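Have a look at the structure below before the remarks.
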Amino acid sequence: WNGTKGALTFFGLSELTENRGQVTVFDGVKASDGGTNDIAVVADQAWYQGNGGGFGNVSEHFIEDGSFTRLRYVTLSYDFNSLAKKIGLGNLSFSVTGRNLILSTPYTGYDPELSLVGSSSNGQGLDYFQLPNTKSFIFGLNASF
């Protein structure tokens with residue numbers, strides 16, 4: 001659930017609200033007779049601060065595919081053995097480690113792995129203004145005598 005997108009839509013700060021004033025008929029059926037929906041809605045402030053925004057009775061339009069592929073952790077290292085011998089060392093190596101380098105997802109929020117309630121709850125997949133996982137790099141130099 002992309003609650004961040006819902007809240008931004010409610011306050012008129014999402015790109016979804018760029019269609020203000022447009023008349024829309026949503027796909028679906030009428031609850032009264034089961035026929036095709038023909039009820040028009042004006043996308044105005046009342047709509048976006050009602051069911052069209054993130055705090056209305058309907059929030060299914062902020063449910064998104066949260067599948068993802070992530071390059072979470074990779075380390076590359078190189079041994080400088082011949083240089084180490086020349087300068088009197090037994091071993092010399094350099095390494096670079098990267099975390100959260102690549103994220104591929106159809107999710108439009110920052111990170112589909114976010115959770116409003118933390119990792120110890122059943123309420124996973126609730127994104128509401130959390131910060132994304134950080135990308136980081138670690139550089140290492142190892143020498144032995």
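The values are calculated or read from the model by the stated rules, or taken from the named source; none is laboratory data. These figures come from a predicted structure and were not determined experimentally. Note that each Cβ is placed from the backbone with ideal geometry, even for glycine, and that neighbours are counted across all protein chains shown. Accessible surface areas use protein heavy atoms only, side chains included; no ligands, DNA or RNA. Shrake-Rupley method; radii C 1.70, N 1.55, O 1.52, S 1.80 Å.
This model, with +1 at the C-beta of Lys and Arg and -1 at the C-beta of Asp and Glu, gives region 67-145 a dipole about its Cα centre of some 360 debye. When the alpha carbon coordinates of region 1-81 are projected onto the principal axes, the ranges are 78, 29, 19 Å, largest first. Residue-wise HN-Hα couplings along region 78-94, as the Karplus relation 6.51 cos²θ - 1.76 cosθ + 1.60 with θ = phi - 60° gives them from phi, are 9, 8, 9, 5, 5, 5, 4, 4, 5, 9, x, 9, x, 7, 8, 9, 10 Hz; Gly and Pro carry x.
Less than 5 angstrom separates the built amide H of residue 91 from those of 144, all sequence-distant by 5 or more or on a different chain.
Note on region 88-145: Rg/Rh from C-alpha atoms, Kirkwood Rh, equals 1.27. Using bins of 5 Å that start at zero, the share of Cα-Cα pairs per bin across the chain amounts to 2, 8, 12, 13, 12, 10, 9, 7, 6, 5, 4, 3, 3, 3, 2, 1, 1, 0, in whole %. Remark: the chain carries 68 Å² of accessible area per residue (probe radius 1.4 Å; ligands, DNA and RNA excluded). Stretching the chain fully between residue 33 and residue 119 yields a gain of 26.6 nm (0.36 nm per residue, less the alpha carbon separation).
Of the heavy-atom accessible surface of region 9-145 (probe 1.4 angstrom), what whole percent is carbon and sulfur? Walk me through the numbers before you get to the answer.
Working: 5370 of 9710 Å².
Of all accessible area on region 9-145, carbon and sulfur atoms account for 55 percent.
Given the rule -39500 (n - 2.57) for each run of at least 4 DSSP H residues, summed and divided by the residues of the chain, what is its mean residue ellipticity at 222 nm, to the nearest 500 deg cm²/dmol? Show your work: numbers first, answer last.
Details: 3 runs with 18 residues, N = 145.
Here the helix-only value at 222 nm equals -3000 deg cm²/dmol.
Shown in residue order for region 2-18 are the 3J(HN,Hα) couplings computed by the Karplus curve 6.51 cos²θ - 1.76 cosθ + 1.60 at θ = phi - 60°: 8, x, 4, 5, x, 5, 5, 5, 4, 8, x, 9, 9, 5, 4, 8, 5 Hz (x for Gly and Pro). For region 41-72, the set of chymotrypsin sites (Phe, Trp or Tyr not before Pro) satisfying both a DSSP loop assignment and a count of at most 13 other C-beta atoms within 10 Å is given as 68. Under the simplified labelling scheme, the residue 78-residue 20 pair shows an inter-label distance of 5.5 nm, with each label point 7 Å from Cα along Cα→Cβ.
A straight line joining the Cα centroids of region 16-51 and region 90-145 runs 40 Å.
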